[in-house]
Amino acid sequence: MSTTESCDAAHIAAVMNIDKSYLSRIITSHVKNGYIQRTPSNEDGRSYALFLTGKGKQQAEQLIHRSDNEIGNLLQNLSKAEKTQLADAFNTITELFILENEDIKEMENIEAAIESGGQIFFAIDDNEEVMACCMIAPREDGDWEIMKFAAKGMYTGTGAGSACLKACMDYAKEKHVEKIIIVSNRKCVQAVHLYRKFGFQEIPVDKKRFLFERADIAFEQIFDIR
């Protein structure tokens, strides 16, 4: 919000991938503290436009300044080679994980996907922290797709991602789905390795069906449902 005139809660939830009920509590708290002003939207009477107040802008500027200083302190102790490696890593992250219009569209329609038969699976540790997640849902063209497959870096190699992927596949079999597809990026090496391990076969990426700019590899798996 610090770089825009206004926005709404749905946009923030989609961009930051935050649970809507949790986000609502955060917004209510910031309104109470005088950081955010909430006014009825001119375009949709059911929603509200959110604006940073003067107090909110001042607080945001302080947070940004403090964050910049902390990052600077961390970087100044890195060698030239380490700085180059870090820059390369950030470039990869930016390329792979920048939100595209299709991401926002999917995030805003999760409820509809579940209502049409889709399901989301989470791997949870003993402290009820989410380790990994994966979603499977039918597409408008009739195929079923595994999407939003992710695992926290600290849990890589623990089997959390594998458990979520297997849960999606088992669910598809229970629903008597004939074929499931996955679209990804070749730089997601560990995810691509898992897809192959679970028997997915690489297929051409159909850009007319899959509109993600970052999509450069696709897979399918066909089940015998007889």
Subset of the stretch 135-153, residues farther than 16 Å from GLY199 by Cβ and within 17 Å of the chain's Cα centre (by Cα), comes to MET135, ALA137, GLU145, MET147, LYS148, ALA150, ALA151, LYS152, GLY153
Which members of the stretch 86-121 meet the condition of being closer than 18 Å to ILE182 by Cα, at pLDDT 85 or above and not small (Gly, Ala, Ser)? ILE114, GLN119, ILE120, PHE121
Name the pairs: first residue in the stretch 198-209 and within 19 Å of GLU102 (Cβ to Cβ), second residue exposed (fewer than 11 other Cβ atoms within 10 Å of the Cβ) and not hydrophobic (A, V, I, L, M, F, W, C), Cβ to Cβ under 7 Å, at least 6 apart or on different chains? ARG209/ASP141
Restricting the first residue to the stretch 4-23 and requiring it to be over 10 Å from MET107 (Cα atoms) and outside any helix (DSSP H, G or I), which pairs with a second residue that is at pLDDT 75 or above and hydroxyl-bearing (Ser, Thr, Tyr) meet a Cβ separation below 9 Å and a spacing of at least six or different chains? SER6/THR39; ASP8/TYR48
What's the total number of residues in the stretch 46-87 that are within 27 Å of the chain's Cα centre (by Cα) and part of a loop (DSSP other than H, G, I, E, B)? 2
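Please work out if LYS148 is out of contact with any helix residue (DSSP H, G or I) (no Cβ under 8 Å at 6 or more places or on another chain) and surrounded by 13 or more Cβ atoms within 10 Å (Cβ to Cβ).
Values: out of contact with any helix residue (DSSP H, G or I) (no Cβ under 8 Å at 6 or more places or on another chain): no; surrounded by 13 or more Cβ atoms within 10 Å (Cβ to Cβ): yes.
No: the conditions fail for LYS148.
The values are calculated or read from the model by the stated rules, or taken from the named source; none is laboratory data. Predicted model only: the values in this text are computed from it and were never measured. Glycine gets a Cβ as well: all are built from the backbone with ideal geometry, and neighbour counts include every protein chain shown.
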